[in-house]
Amino acid sequence: MSANNNSNQYENGNSTSYKYLRSAVINTRMDSFWVQSALGAIKAIAFMYDIITLPVYLVLQQPWKRRQDSRRVKAKPINQKMLVDESKYAPDDIEAKIVRNDDNELTYRTTDPPRDVHVKMLQENIDTLEKVFNYVAKTYTSKRCLGTRQILSEEDEVQQNGRVFKKYNLGDYKWKTFTEAERMAANFGRGLRELGQKPRENIVIFAETRAEWMIAAHGCFKQAMPIVTVYATLGDDGVAHCITETEVTTVITSHDLLPKFKTLLDKCPLVKTIIYIEDQLQKTETTGFKEGVKILPFNQVVKTGQDSKFEHVPPKGDDIAIIMYTSGSTGTPKGVLLSHKNCIATMKGFVDMVPIYPDDVLIGFLPLAHVFELVAESVCLMTGVPIGYSTPLTLIDTSSKIKRGCKGDATVLKPTCMTSVPLILDRISKGINDKVNSGSAFKKALFKFLYQYKVKWVQRGYKTPLIDKLVFKKVAKLMGGKVRIIMSGGAPLSADTHEQIKTCLCLELIQGYGLTETTSGATVMDYRDMTYGRTGGPLTVCDIRLVNWEEGNYRVTNKPYPQGEVLIGGECVSQGYYKLPGKTNEDFFEEDGQRWFKTGDIGEIQADGVLKIIDRKKDLVKLQAGEYVSLGKVESELKTCGIIENICVYGDPTKQYTVALVVPNQNHLEELAQKHGLGEKTFEELCSSPIIEKAILKEIAEHARKCKLQKYEVPAAITLCKEVWSPDMGLVTAAFKLKRKDIQDRYQHDINRMYAS
Ligand SMILES: Nc1ncnc2c1ncn2[C@@H]1O[C@H](COP(=O)(O)OP(=O)(O)OP(=O)(O)O)[C@@H](O)[C@H]1O
C-alpha cells in the first residue's frame, strides 16, 4: 500500500489505521535495512568476482580490442574513395561493380570489406534466387533445412473462467533436408507447368509463413515465374486489388485462408486455379466455390510434377522475382518490382553485417510476404542455417494455442537466431517489467541493481557471466534459452526496449533499416556497436545520401550532424512500382548508372558514419501555431509508458494541439482502476470512464516530461480504445505499423469529440 493511502487513513482519525501506519513505516525501515544489507553483500560478491575474473578476461576476451572495434568508423563520404571492389573476388567473367558518382560529399559508403559468404556468392556467380537454392541443395545436402511442428491433436481446454478454447497438442519438428526441399520445389514448379502456368506469368502466394511457402516460391523461381506476395492479414479488398492488378490465373493459399475465396473469386474473374496447402489434421472443404475454378491440394501439384517432362527455365538476374505488395501503412498497397539481382544484393549486404553461421537455427514466424523476413530467411538458407517455422499463436509455452503442459515452438526448437519487429520486442520488454514489478520490493530493487550493473559492464566491453547465469538466463528461457542474436527491422526500435532486451535476454540485438523498395537493404547495425537507437552504417551493396528538406528544417549543414531526407542508391533498389509509372518516376531516379530511391524518411549521419532515423516526412504535421510535430517520434516515446499498449497521435493542422487514440495495457489499467476504487469494472467500462481517462492523460503527460517532449507535442486529449489493434482489424500492418488513415477513419467521431471539448 502506498504511503499516500496510509496517511489518508491516518487523517480519518481511525486508530487501527494509525497502528497500521506505524507498522508500515517500521516495516519499510526494516525492509530498507535488509534490502540495503543484501544489496551491499551482493555488490561485494560481484566486485570480488570481477576482480578475480579480470585477468582471465584480459587474456581470453581482449576487451580493449572489442571496444575499439565498436568505435570503428562504419561509413565515410565517398569522395574519400573507399570502394568495395567486388571484381577482386569475382570470377573473370563477371564485370567489375558499378562506377559510382563520387563528387557529392554527403553520399556515404561503408568502409567494411565483403565477408566470406558474399565472396562465395561472387565466386559461384550466384545472381538469382534459383541459383541460391541449387547451390544450397548441392552444398548442404542431407542437413536439416525446413522444419514444421507436428500437430498431434486439437483439444478443448476449459479455462479458469469456465470458457472453453481449442488448443494444440504439439509434437516435435519434422524436417526436410536441403536436398528434399529443393526436389520438392522442383516438382512443384513442374506441377505448375502441367497445370498450364507459363514462365514469366505472375502467380500469387497468399499464405501464412510456413515451409510450403518457401518451397512454393522456389518452385516458381525454377520456372522463371514471378511471385506476387500478399499479406495473409490484408483485407478482402486489398487482396482482390493485388490479384486483379497482377492478372494472375493461379493462387497458392492455405487451408485456413481458402474459405476467403468463396466470396473473393467474384472480384477476381481471371483466377482459374487455387492451390491450397493442406492442414495437418482437418480435411479441407473444397465445395461451394465459383464454378470452373480448380481447387487442388499442394501435395497433388508436387506429385504431378514428379512425372513431368517440363525442364527448368532458369531466370536471369534482371528478371522480376517478386512483385511485393507493401503492407499499406500509407494507403493502398503498392506492388514493388523486385528482381532476382535486387534480392541477391540485399542478401550480400546482410551476410556481411549479420554474424550467423551454419550451426545456427532460425525460428521463422514473421510474414514471409514482408521483404525483411524473406531476405533474412534466404540469408539463412545460403549460410546453411535450418529454419524451424512457428506462429505467434504457438511461439512460447504460454502462447494462446498451446495446450497446458505442452511446450511452445521456441522451447522445442531452441533457436539461436530470430527476426523480429519492434512491437513484439516492446511487448516482451513490457512483460519483463510487469513480472519484475509484481515481485517484492527486495526482488525489484535487486533486479534493478543487477540490471544497471550489467549495463555498466557491458558498456565497458565486459560480460557478466555469473549474473547472466543466476538471473538473466532464466528470462532468456522464454525463447528456448539459446537465442544469441535477434535482428529487428521494419519500424523504429526504441532505445529503451533495445537496451532492455539486449540486457535481459543476454543476446545481440541488431537493428536494420530498409524499405520494400530497396529490398529491405539500406543500413544494419554492427553487432559490436554498444549504442542504442541508431540503425547502423550502409550495407556493402548500397550508398546512403542525405538531401535537404527545407520544410522540416532538416539540412545537410545542420550541426552537430548533417540531417536530411535519406536517399538509397545501389543494386538493392527496385525498378519501381507495378503499373504505376507516375509514382515510379516521382520516387526513383538514375544517376551515373546507379538506381536511387527517395525514402521520405529523415535521418542524420553521425560522426562514425552511422545513420539515425529521426523523422518521417509523411508523419510530420504543422500545427496552427507553426510548430511541427513528428507523430511517429512522439508515439515511439510514449509507447514506452507502461499504461500504453498502442497509441496513434493525430494532429489537425487547423488546431494548436494534438490528440491521441490509446489502447491501454490491460494489467496496468486494472491496477489504475484499483487505485481509483473502480476495481469491479470491466475493461470496456474502464475505457469509457472519465476518471480513468483523466488519470491516464496525467500519466502520459508525466511520461512525456521524462522523455523531454515539447509541450505542444504532448496530446492534450485522449480516447481509450476498447479493441487491441491487430493486423486482422486492418488498423496495423502485418509488421504492426499504424495504418493512420484507417485508424483515423474508424475513430473520426472520437477525434471530433476530442477537438470539440
Ligand atoms: N530501423 C528503422 N528505424 C526507423 N524506421 C524504420 C526502420 N525500418 C523501417 N522503418 C520504416 O519503415 C518504412 C518501410 O516500411 P516498408 O517498406 O515495410 O513499407 P510499409 O510500411 O509496409 O508500406 P508503405 O509503403 O505502405 O508504408 C521506412 O520508410 C521507415 O519509415
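Just so you know, all these numbers are worked out from the coordinates, no wet-lab data involved. Quick caveat: nothing in here was measured; it's all calculated off a predicted structure. When we count neighbours, we look across all protein chains shown, and the Cβ atoms used for this are built from the backbone with ideal geometry, even at glycine.
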- Rounded to a whole number, the Stokes-Einstein D of the chain in µm²/s (Kirkwood radius over Cα pairs; 37 °C; 0.692 mPa s) is 117 µm²/s
- Query: Contour minus end-to-end for Lys294 and Asp172, with contour as 0.36 nm per residue of separation and end-to-end as the Cα-Cα distance?
  - Reply: 40.5 nm
- Task: May I ask which of Lys403/Lys502; Lys618/Lys737; Lys348/Lys482; Lys681/Lys711 have a Cα-Cα span longer than 22 Å here?
- Result: Lys403/Lys502; Lys348/Lys482; Lys681/Lys711
- Query: In degrees from 0 to 90, rounded to the nearest 10, what is the angle of the helix 666-675 Cα long axis to the longest principal axis of the chain?
  - Reply: 10 degrees
- Task: Would you mind computing, in nm to one decimal, how far apart the modelled labels at Leu466 and Phe683 are, each placed 7 Å from Cα along Cα→Cβ?
- Result: 4.4 nm
- Farthest towards the positive end of the dipole of the chain, among Pro715, Ile205, Val556 and with Cβ unit charges of +1 on Lys and Arg and -1 on Asp and Glu, lies the Cα of Pro715
- Assuming R0 = 30 Å, can you tell me the calculated FRET efficiency for the pair Glu154 and Thr287, based on Cβ-Cβ distance, to the nearest 0.05? 0.85
- Item | In segment 679-757, the trypsin sites (Lys or Arg not before Pro) that fall in loop regions by DSSP, at most 15 other Cβ within 10 Å | Lys708, Lys722
- Task: Could you calculate the FRET efficiency of Glu247 with Asp745 from 1/(1 + (r/R0)^6), where r is the beta carbon distance between them and R0 is 30 Å, rounded to 0.05?
- Result: 0.50
- Any idea what angle helix 495-504 forms with the longest principal axis of the chain, computed on alpha-carbon atoms, 0 to 90 degrees, nearest 10? 90 degrees
- Task: With only Lys, Arg, Asp and Glu charged, each at its Cβ (+1 for the first two, -1 for the last two), find how big the charge dipole of the chain is about the Cα centre; round to the nearest 20 debye.
- Result: 2340 debye
- Query: For labels at Glu723 and Ser757 in the simple 7 Å Cα→Cβ model, what's the distance in nm?
  - Reply: 2.2 nm
- Message: If I stretch the segment between Lys414 and Trp457 completely, what's the gain in nm (0.36 nm per residue apart, minus their alpha carbon distance), one decimal?
- Response: 12.7 nm
- Item | segment 119-255: radius of gyration and largest Cα-Cα distance (Dmax), Å | 18.6, 62
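Just to be sure I understand: if I project the alpha-carbon convex hull of segment 620-756 onto a plane and average over all orientations, what area do I get in nm²?
If I average the Cα hull's projected area over directions, I get 8.0 nm².
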- Note on the structure: Among Thr110, Gln511, Leu366, the residue whose Cα sits farthest towards the positive end of the charge dipole of the chain, when +1 is placed on the Cβ of each Lys and Arg and -1 on the Cβ of each Asp and Glu, is Gln511
- Query: Taking the Cα centre of segment 117-389 as origin and charging only Cβ (+1 Lys, Arg; -1 Asp, Glu), how large is the dipole, in debye to the nearest 20?
  - Reply: 480 debye
- On full extension of the chain, what length is gained from Arg404 through Ala441, given 0.36 nm per residue of separation minus the C-alpha to C-alpha distance? 10.2 nm
- Only helical DSSP H runs with n ≥ 4 go in: add -39500 (n - 2.57) per run for the chain, normalise by residue count and round the 222 nm mean residue ellipticity to 500 deg cm²/dmol. -11500 deg cm²/dmol
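Across every pair of different alpha-carbon atoms, what Kirkwood hydrodynamic radius in Å does segment 117-389 reach?
Evaluated over segment 117-389, this radius sits at 19.3 Å.
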- Item | Quarter of Cα convex hull surface for segment 457-505, i.e. mean projection, nm² | 4.0 nm²
- Note on the structure: Taking a crude spin-label model, label points 7 Å out from Cα along the C-beta direction, the Leu393 to Lys655 distance in nm is 3.8 nm
